[in-house]
Structure formats: structure tokens, C-alpha cells
Amino acid sequence: MDGSTQHASRTIEELEADGAISDFSAAYSAGLPGAGAVNFFSHVAHGTTPYADRGLRDFFLYRDLGVAKATGGRILCHLVKANMAPEHGTGWHRHQLGFHIVYMVSGWAKFMYSDVSVHVGTGDCVYMPPGISHYLYDYSEDMEFLEIESPVESLTEDVSPCCDIPQPTPWPGQK
Ligand SMILES: [Fe+2]
């Protein structure tokens, strides 16, 4: 070292591809829940990845935020927004997940969690215990939520109804 200031010289793409991050991250997180061998840096900038209809529901659009790839499939982090007015909702189902939260970025959604109806408004955060029976049955036109779950690949299965479902709210202009 000659004592001069060291300036950043790499691109974000080079940092993201750096296998050394995965190595030291594995060592630094050893023994902690969720520790794994794959830990890449990831920066998904606003507007660089599109919303796409390649998620679980065809009435929603999904924007991947790069975390699944960066963590080697340990953690999914994506944005989910309304694409069509609610008709039949998700149906009763449950997920085989170790961790699952929803944070409502805009608008609102109504879920049944078991036999309890929950209005999830902008700024609300819901933690769903693994295996809980639920049904997303209503949502606003501007609904968008951040969903984080682990692992990325998981089983979703239909379950028996816990109770009747209220009618969804028509969107403005909807017949
Ligand atoms: Fe679900």
C-alpha cells in the first residue's frame, strides 16, 4: 500500500458475480438459521425487472427482486400486484414453508386465515405460520404487496374450506 486512497474500481455486476462473497458469507453465518453456501450480492434496481405473469396466480403480476438467485433458493422476495379484479380469489390453500410474510406496499387485501377475516391495509405486515389454511378473497385495484418466503421451491396444496367466503368488492367501473 502506498498510503493513497483506494477508489472503487469494480462494477456492481462484478461484485454481484464475486464468488468470494459466497465463501465469506458462509463462514460468517455458520451455525445461524438459514446459513448456506450461496450468498451473492444482489442489487435489483427500480425499473430494471418487469412485472410478469409467471407466478402462482394468473390474476396477479410478480416482480422478482433477485433474492432467490442470490441465496441459492433459500429465500424468495418478490412484489405481487393486482392484475385482474377479484372473482374467485385464491381458494383455500396452505404452503409448506418455513417462513412467510406479506407486507402491503399499497392498497389492501382481505384474507381468511382459518375462520378469521383479516383486512391487510397499506403498511401492514402479516406473518403466516407454516401450514395455516388461508384464502385471499378480495383486493383493491392498486393492491401491491412484498412477499418474502423460504424456501423458494415449496408445496402449495388445496385444503378443505374453513368457512364461507364474503363476496369481493367490485373495482371502480367493473360491472
Ligand atoms: Fe397463500
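The values are calculated or read from the model by the stated rules, or taken from the named source; none is laboratory data. Keep in mind it's a predicted model, so treat the numbers as computed, not measured. Please note: Cβ atoms are built from the backbone with ideal geometry, for glycine as well, and neighbour counts cover all protein chains shown.
Tabulated values for the structure
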{"read-out": "Pairs, first without any contact (Cβ under 8 Å) to a residue 60 or more places away in the chain and in the same structural domain as residue 117 (by TED's automatic domain parsing) in segment 77-104, second of a type in the set (Val, Ile, Thr) and more than 15 Å from the ligand (Cβ to nearest atom), C-beta under 6 Å, six or more apart", "value": "104/122"}
{"read-out": "Of all residues in segment 143-156 being within 14 Å of the ligand (Cβ to nearest atom) and aliphatic (A, V, I, L, M), the one that is surrounded by the fewest Cβ atoms within 10 Å (Cβ to Cβ)", "value": "155"}
{"read-out": "Strands (runs of 3 or more DSSP E) contained entirely in segment 45-142, each with at least 3 residues that are crowded, with 18+ Cβ neighbours inside 10 Å", "value": "60-64, 76-82, 99-106, 109-113, 134-139"}
{"read-out": "Residue list for segment 9-66, filter: aromatic (Phe, Trp, Tyr) and within 16 Å of the ligand (Cβ to nearest atom)", "value": "59, 60, 62"}
{"read-out": "Given (1) modelled with pLDDT under 95; (2) within 22 Å of residue 148 (Cα to Cα), number of the condition residue 64 does not satisfy", "value": "(1)"}
{"read-out": "Index of the failed condition, residue 135 passing every other in (1) farther than 14 Å from residue 89 by Cα; (2) within 14 Å of the ligand (Cβ to nearest atom)", "value": "(1)"}
{"read-out": "Counted residues, segment 89-115 - those being at negative phi and more than 15 Å from the ligand (Cβ to nearest atom)", "value": "4"}
{"read-out": "Top-ranked residue in segment 143-159 [being modelled with pLDDT of 95 or more and part of a loop (DSSP other than H, G, I, E, B); ranked as nearest to residue 57 (Cα to Cα)]", "value": "143"}
